[in-house]
Structures are given as structure tokens and as C-alpha cells.
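The structure appears right after this line, and notes come after that.
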Amino acid sequence: MQSFLLLVLAVTAVVFAWTSWNFFRNWETYSTKMTLAMFGLLGLCLGAMGAAASATLRSRQVAAESTRLAEANARLLKERDLLRTIIDALPDYIYAKDRQGHFVYNNLAHAEDLGAASPREMRGKSDFDFFPRKLAEQFFADEQEIITTGKSVINQEQYKARPGSSSGEKLWSLSSKVVWRDRNGEIYGTVGITRNIHEFKLTQEALRKSEQRLREVMRRTRCILNFGVVEGPDGWRERALDPNSPLRWNFPVQNVEGAQELCPLDVPPDKSYQQVWTDSRNADDLHLMNRNSGNAFLNDLPFYRNEFRCADKHGVEHWMQQFVTVEKLAENRWQIFGITTEITELKHSEAALRASEEKLRQFAAQLEQSNRELQDFAYVASHDLQEPLRKIVVFGERLKEKCGDTLTAEPRDYVERMQKAAARMQALINDLLAFSRLTTKASPFLPVNLAVIAREVLEDLESRSEQVQARIEVGDLPAIEAEALQMRQLLQNLIGNALKFRQPGVPPVVKVAAQKKLNEAGREVCELTVSDNGIGFDEKYLDRIFNVFQRLHSRKEYEGTGMGLAIVRKIALHHGGNVTARSHPGQGATFIVTLPAAHKKDETSPHK
């Protein structure tokens, strides 16, 4: 069109130029009518030229405007595509509805959440197609109220059924809805955005429960928590260790409820618990606390500890222990965290322990004195007591030798009873001496071969064994760290008892065995057993048979002083072990001695 107008304009210009040239060259020859006709033609040419020029200019303007509109439309399309891409990429559910509640626009996230294949599929549908009717009616009513009142709904929390869920599962969401208007203010409908906050709400609830449990734990553990900041004024270093702290403390109690349970105080409205608590402290302890904190700040220590006394509202004094961690923020500024627990009972226990230690020292001194007296008794028993008994025995023998023929049966019986009583007394004194010397003459433990000890014991008991026709079986016995003499006493008493407490008419069978194993504490021990086929005993007497002078049978039935098993038990305890037994009446007995296989260097009896 523009090219055609330019052609017309060019032709008109040529005609106008040719006509003008001819007219002015021959104007005298033209008549008046001809002259007027020529001027008309020239005017027509000028008009045509103006019209053509004007049309050309308008055509150019229209073309420019079309180009501008095309470019603007392209930009709008690009911006729309960008906006659509952004909206579809958002995880939030974005949607627009008309006044009747039908979906006009939905992003991909909203379509997927409602189970639609695409946003296009949702166009024209409403909440009634996706939610339970009751819930859909609620949404519709809310949107109609927004359209009527013009009031937006911002960040409304909703707990609603999951779309398409047959189990009735509910989810938490956060919704905002606004009125959708055109430029003239006419209402099209509503626009909304919904965010799934279910995981956030679950996390929030879990955090709330965790905080509740933490508060409960803090309350039950009876502690006071402080957290805050300490600042030092100019020149604080020179006065850091002063009893009255120059520092500015902002160190409030974080759990006042728990603090009141630990140390109840009357807190007026114009004061904090921390202020009243500080005022309730012992002045000397408070001065020491100020020095401790000043030293920590002065030397960049990561933590410090305080012990102090404070009085509650009833006047009861409490001992407290406080641990404080320090984080340096600047040269004169620190962030600190403190935890305070009550140690009143601990302090009382420490005082009681000190008193007990003093009593223990007194008892140890008394025990040492008692041991010395026991040693003195052993000396008296081995010399002074034995001498009169020996004289009784000797003079009894002389009396029988010199006057034997003249003594009647009754006096002779008296002399024999006297000698037997003296012999029993000698045996008893010897056993008591052996029992007392087990610990009063303790020696360091050395390697001992139990097999060698057993052979020596059998040699000592050979005559007695042959007399009762006994069979003694000794298995493989290991070497352990012990006192050789006491191991000999232990085996001699156990094997000797097995020969003594035999069943009438039944030759004794004695079996000696041992094995090494680990005990419950992981320490290697030697388990030594001595079994027999003798008369046995009822296990209800198990504790009794290991006591001094305890017998289950009369002296007429079985000889002895009742010291043998007591000596065995004391030897086992002296070596850090123990002894027990298994038996039934008439079925023999098995004595089990457990001893450490080795001892620490220079270790002696723990029962010394």
C-alpha cells in the first residue's frame, strides 16, 4: 500500500511539473477559460500530491504502530510463558476460580495434588469434584464471603482430608485467598495459593513435645539453667579478681519453674529470680564465685566451677554446684551458659564420710592393737598355756607308771580322762595357733605347684589312708600364686576330713581335681575340688560348717576340734578367693575352693 501511494505521488508530481511548465511558457496564448482550467488542474495535482503524501505518512505511522504492537504482544507472550513456567515450578498450589467456584487456572502442583492429569483437565470443575461435599461447601462459602466483603484470607491454617484418600487421612496446609478484579474493579472471582505444611506441623509438634520433655527432664533433674552475656567495663582487667565483681552480668535463669522447685524463693514483681537468688547467697561464697569467674575471663578459660550456699524463703540453707561454659565474643564480652545442681546431700555425705574415715582410722588403730594382742596371745598359747598341759600329761604318765598296780579301776579311769582332756586341749590350742597365724604371719604370694603340694600331703596321710583302706585320686593340678604352707594346710584339712567322715564299712574314695577358668570379672581363677563318698551333710548347714568350733557330729562319733573347715575358709579368703560345698546326707560331699591364679605384684591378702 505504501509503495502504491509513493507511485501515485510521483506520477502526480510529474504531471504537475509538466503542466506548470507548459502553462507558464504559453500562458499568453491561453484563453481565460483555458487559464482557469489549467489552474484547476494544477490545484488538483497539488491536492492529489498532498493526499498522497498524507496517506504515505499515515501508512508509515500505521506500520510503525503495528510493529510496536507486534513487539509488545511478543513481550507479553514471553512474560506470560515465563510467569507460567515460574508458577508451574512452584511447589505451592496456585489456582483461580470464577464467581461460581469453577477452576479457571491451576498450576501443575495443584493439579497433581488433586489427582488431575493436567491443569487443563481441571478447567470448569470445582472443589465438589475433588473434596468431600462438606469440605467443598465450606470452601465455596468462604470464597463467596471473600467476593461479597472484599476481605482477603491470609495464611489460614487448614487441617483437611487428603484429596482422593479413602482412609480419611488429613493433612495440614496454609491457604491465602484474594478477590480477582479487572482494571475497572469488576470482580471475576478469587485467586488462591495453598502450601502443604504437614511436615512442618509434624516437626513443630515433635519439637513442642521435645521441648516439653526437656522442660520435664530439667524439672525432674532439679537443676537451674542460666544463659546470657557478661561485659567488662574499661579497666576491668585490673579489678577482675576483686571480691566485688566489676563486670556487668546479664545472666538470667531460663527455667524459673524448675528453679523454684530446687530453691524456692519469694520473688517480688520488680525483681527477677536471678536477682533474688544472687542476694540469697552466702557472702563469702559469692566473693569466691566472683574471683572464679574473673579468673576464667582473665585467662580465657573455657569453663569454670562454683560451689556456694544459698538460703531459700524458709531459711533452709542449700549447697549448690554450678558449671559454667565460656565463649569469648570480644576482648571484654563473653557468652556464658551455666547449669546448677543441688549438692546438699553430697556435702552431708562428705561430712559423714570424713567422720567415718576418722572412725575408720580409730578402728584401724584398735585393730592393729588387737593384732598385737593376738600375737601376744599366740606367744602365751604356744609357751605359757602349753607348759601346764605338758606337765599334766607327764605327771599322769608317771602316776600310772609308779602307782599303776595300786590304782583301782576308778582312779585309773580318772587319770586316763585327765590325759585325754589335756590332749584335746593341746590340739585345740594348736589349731587356734594355726588359725591365728594364717594372717598374722602373711607372706607375699609366690608361684606354687599344687601337684607337688598334693604329693607331700598324701605322704603325710599315707599311714592313715592305709589304715582305712582309702583310694585317693589326684588329677592334673596347676601352678598358682599362693602361700605354699597354707596350700598344704588347705589340702591336708580337706583330704583329712574326707578320710575322717567316711561311711561305716565303706572304703573312702577321695578325688582331687582342679581347672583354670575366667570368672565373671574376666580374671583367671583356679577352681580346686575335693570329692568323697563319705557320710555327707545337709546343705542347710552349709554356712555353719565353715565357722570356728562348729561340729555336726559328737566327739564320740568323730574326733576333732571343729577348726579344720574354718581354717580352709580363712586360707581361701586370705588368698582373695572363697570356698563352698555341695552334699546330701549319705551321698558324699564335694568341697569347691576358688582361688586367683595370679596376683598383682607384691599383693597380699585382701582380708588381712
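Which percentage, to the nearest 5, of the DSSP beta bridges contained in the range 91-202 is antiparallel?
On the way: 25 of 25 bridges.
Counting only bridges with both partners in the range 91-202, antiparallel ones make up about 100 percent.
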Explain nothing, just the number: relative contact order of the range 91-202, from Cα pairs under 8 Å at least 6 residues apart, as a whole percent. 27 percent
Near Lys516, which lysines are there with a Cα under 27 Å away, not counting those fewer than 8 places off in the same chain? Lys570, Lys600, Lys601, Lys608
Plugging the Kirkwood radius over Cα pairs into Stokes-Einstein for the range 91-202, at a temperature of 37 °C and a viscosity of 0.692 mPa s, what D comes out in µm²/s? 229 µm²/s
Per-residue HN-Hα couplings for the range 310-319, Karplus 6.51 cos²θ - 1.76 cosθ + 1.60 at θ = phi - 60°, whole Hz, x for Gly and Pro? 9, 10, 7, 5, 8, x, 7, 8, 10, 8
Report, in listed order, any pair from Lys209/Lys271; Lys500/Lys540; Lys97/Lys209 with a Cα-Cα distance greater than 29 Å. Lys209/Lys271; Lys97/Lys209
Using the Cα gyration tensor of the range 133-254, the equivalent ellipsoid's semi-axes, largest first and to the nearest Å, work out to 54, 25, 10
Sequence-distant lysines (8 or more away, or on other chains) whose Cα lies within less than 23 Å of Lys391: Lys400, Lys402, Lys420
Computed for the range 204-267: size of charge dipole around the Cα centre, +1 on C-beta of each Lys and Arg, -1 on C-beta of each Asp and Glu, debye to nearest 20, value 340 debye
For the range 222-342, what are Rg and Dmax over the alpha carbons, in angstrom? 14.0, 42
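For each of Val512, Val217, Val276, count neighbouring Cβ atoms within 10 Å of the residue's Cβ, then give the residues from fewest to most. Each step should come with its number before you reach the end.
Values: Val512 22, Val217 11, Val276 17.
Arranged by neighbour count, lowest to highest, Val512, Val217, Val276 become Val217, Val276, Val512.
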For Glu169, what charge total do you get from the other residues with a beta carbon under 15 Å from its beta carbon, if Lys and Arg give +1 and Asp and Glu give -1? +2
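Can you list, largest first and rounded to whole Å, the semi-axes you get for the range 444-596 by taking the square root of 5 times each eigenvalue of its Cα gyration tensor?
Each semi-axis is √(5λ); the values are 24, 18, 14 Å.
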Setting aside same-chain residues fewer than 8 positions from Lys347, which lysines have a Cα under 20 Å from its Cα? Lys359
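Over all directions, what mean area does the Cα convex hull of the range 282-369 project, stated in square nanometres? Before the final figure, lay out each step's value.
Details: hull surface 34.2 nm².
Orientation-averaged projected area of the Cα hull: 8.5 nm².
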Using 0.36 nm per residue of separation minus the Cα-Cα distance, give me the extension gain between Asp285 and Trp249 in nm, one decimal. 11.2 nm
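Readers should treat all values here as calculations from the given coordinates under stated rules, not as data from a laboratory. Everything numeric in this text was worked out from a predicted model, so none of it was measured. Cβ atoms come from the backbone with ideal geometry, glycine included; neighbour counts cover every protein chain shown.
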